[in-house]
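Asker: The structure is given below, and queries will be raised subsequently.
The values are calculated or read from the model by the stated rules, or taken from the named source; none is laboratory data. These numbers come from a predicted model, not from an experiment. When we count neighbours, we look across all protein chains shown, and the Cβ atoms used for this are built from the backbone with ideal geometry, even at glycine. Areas reflect the complete protein model, heavy atoms only, side chains present, ligands, DNA and RNA absent. Shrake-Rupley method; radii C 1.70, N 1.55, O 1.52, S 1.80 Å.
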Amino acid sequence: MTTLTQAVRSSSTAGEKPARAKRVRLESRRALPAFYWMVWPAVIAFALFHTLPVLVGIFFSFTNYAGYGEWNFVGFSNYVNLFRDDRVLAAYGFSFLFAIVATILTNVISLAIALGLHAKIKARNFWRGVYFVPYVLSILVIGYVFQFFFSNSLPKILSGIPLFADNILTSPDWAWTAIVVLAVWQACAFAIIIYLSGLQTIPAELYEAASLDGASAWRQFRSITFPLIGAFFTINVVLSLKGYLQVFDQIVALTNGGPGTSTESVTLLIFRGGFSGGEFAYQTANAVIFFIVITVVSLFQFRVLQRREADF
């Protein structure tokens, strides 16, 4: 009797499984249209306000359109002329110099501060909030504050040093360093948060075991901390370099590209020439080249840094 009951139960259970699976498939099919209706508005908006303008810009980069009036196709002449334009090459040189220096400083300073904020210090959460404040402030507003500081306060404070006795923003050789200071000061806030997230993923037991083995603080950092936050380091370096290559607001607030064109970045050159210089098609071609450069640099960074993570 018991065997018969078990057989009946097993057969009924076996019959319920296909029915349940069929019910789940039907419910999934009913839910799919709802998901599509959620996705399509975002896809359409992205296509209208991003993809379509990009395609239109690429189209006009093969013309001599000045932003108004008539235009004609000129083929690849805009792209060829970019590589012969000293002003364009100088802008690329400045942008890469600025981006490399600022990226190094941002990651070194941010990692050092993150290590301090991760330690067991008093009012740790308060200090974490304080260090994040620069990220939420308007860069143009802060830029004008820094402009006043560099042009008025700093020469009075450091009047005995020849470099700072005059307004550093008027120096063609050193004005870029002021932009670096402003950019790094604000960017460190976000980078610190990324590094703190990485540090919190490291088990405390690893440090305890290393301490028992007699490892110094530097040895623990080199062998435990830095290898285990390698992915977060990669994110910070890639985002920092990409963002700094597109520097714009900081330059507008501090120097507006001057003195002369000594602090003119690629983005500022594209904006000036494209919207007020009658070089719409020419600077659109510049923007296309700049997009390709940033994409290649970012992919190269990912490849190199991820290989380094694997080596660790």
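Asker: Using the Karplus equation 6.51 cos²θ - 1.76 cosθ + 1.60 (θ = phi - 60°), what ³J(HN,Hα) coupling, rounded to whole Hz, does each residue of the stretch 49-56 give in order, writing x for Gly and Pro?
Answerer: Per residue, the Karplus-derived 3J(HN,Hα) values read 9, 10, 5, 4, x, 5, 5, 5 Hz.
Asker: Per residue of the stretch 281-298, what does 6.51 cos²θ - 1.76 cosθ + 1.60 with θ = phi - 60° give for ³J(HN,Hα)? Whole Hz please, x for Gly and Pro, Karplus curve as stated.
Answerer: Those phi angles translate into 5, 5, 6, 5, 4, 4, 5, 5, 4, 5, 4, 5, 4, 5, 4, 5, 4, 5 Hz.
Asker: The chain: longest stretch without exposed trypsin sites (Lys or Arg not before Pro) (DSSP loop, at most 16 other Cβ within 10 Å), sites themselves excluded?
Answerer: 123-312
Asker: Let me ask something else about it. Compute the length gained on full extension between residue 35 and residue 144: take 0.36 nm times their separation in residues and subtract their Cα-Cα distance, giving the result in nm to one decimal.
Answerer: Details: separation 109, 0.36 × 109 = 39.24 nm, distance 4.60 nm.
Using 0.36 nm per residue and subtracting the Cα-Cα distance, I get 34.6 nm.
Asker: Then there is this: Give me the percent relative contact order of the chain, please, defined on Cα pairs under 8 angstrom at least 6 residues apart. Provide the component values of the computation, followed by the final result.
Answerer: Working: 282 pairs, mean separation 83.6, N = 312.
In percent, rounded to a whole number, it is 27.
Asker: Something else now. Using +1 on the beta carbon of Lys and Arg, -1 on that of Asp and Glu, and nothing else charged, what's the dipole of the chain about the Cα centre, debye to 20?
Answerer: 1580
Asker: Cα axis of helix 124-136 to longest principal axis of the chain: angle in degrees, 0 to 90, nearest 10?
Answerer: Approximately 60 degrees, to the nearest 10.
Asker: Still on this structure, I have one more. Can you give me the % of accessible surface on the chain that is carbon or sulfur? Probe 1.4 Å, all protein chains present, nothing else counted.
Answerer: Numbers: 13050 of 19100 Å².
For the chain, the apolar C and S fraction of the accessible surface comes to 68 percent.
Asker: Here's another thing I want to ask about it. For the stretch 88-310, what is the accessible area per residue in Å², given a 1.4 Å probe and the full set of protein chains?
Answerer: That works out to 51 Å² for each residue.
Asker: Using Cα atoms only, what is the angle between the long axis of helix 266-275 and the major principal axis of the chain, expressed in degrees (0 to 90) to the nearest 10?
Answerer: In the chain, helix 266-275 runs at an angle near 70 degrees to the longest axis.
Asker: Please report, in whole Å, how far the alpha carbons of the stretch 149-275 spread along each principal axis, starting with the longest.
Answerer: Principal extents (largest minus smallest coordinate, Cα): 59, 42, 18 Å.
Asker: Let me ask another. In whole Hz, what ³J(HN,Hα) sequence does the stretch 236-248 give by Karplus (6.51, -1.76, 1.60; θ = phi - 60°), x for Gly and Pro?
Answerer: Computed from phi, the couplings for the stretch 236-248 are 5, 5, 5, 5, 5, 5, 4, x, 6, 4, 9, 4, 8 Hz.
Asker: Now for a separate question. Can you give the Rg and Dmax of the chain based on its C-alpha atoms, in angstrom?
Answerer: Rg and Dmax of the chain, Cα atoms, are 28.2, 105 Å.
Asker: Points 7 angstrom from Cα along the Cβ direction at residue 109 and residue 42: gap in nanometres?
Answerer: 3.5
Asker: Now, a different point. When the scattering of the stretch 35-77 is computed by the Debye formula from its Cα atoms alone, each counted once and equally, what is log10 I(q)/I(0) at q = 0.19, 0.23, 0.28 Å⁻¹?
Answerer: -0.64, -0.76, -0.92
Asker: Amide H neighbours of residue 63 under 5 Å, counting only residues 5+ apart in sequence or on other chains, H built in-plane at 1.01 Å?
Answerer: Correct list: 74.
Asker: Calculate, in nm to one decimal, what residue 137 and residue 295 gain on full extension: separation in residues at 0.36 nm each, minus their alpha carbon distance.
Answerer: Between residue 137 and residue 295, full extension yields an extra 54.1 nm.
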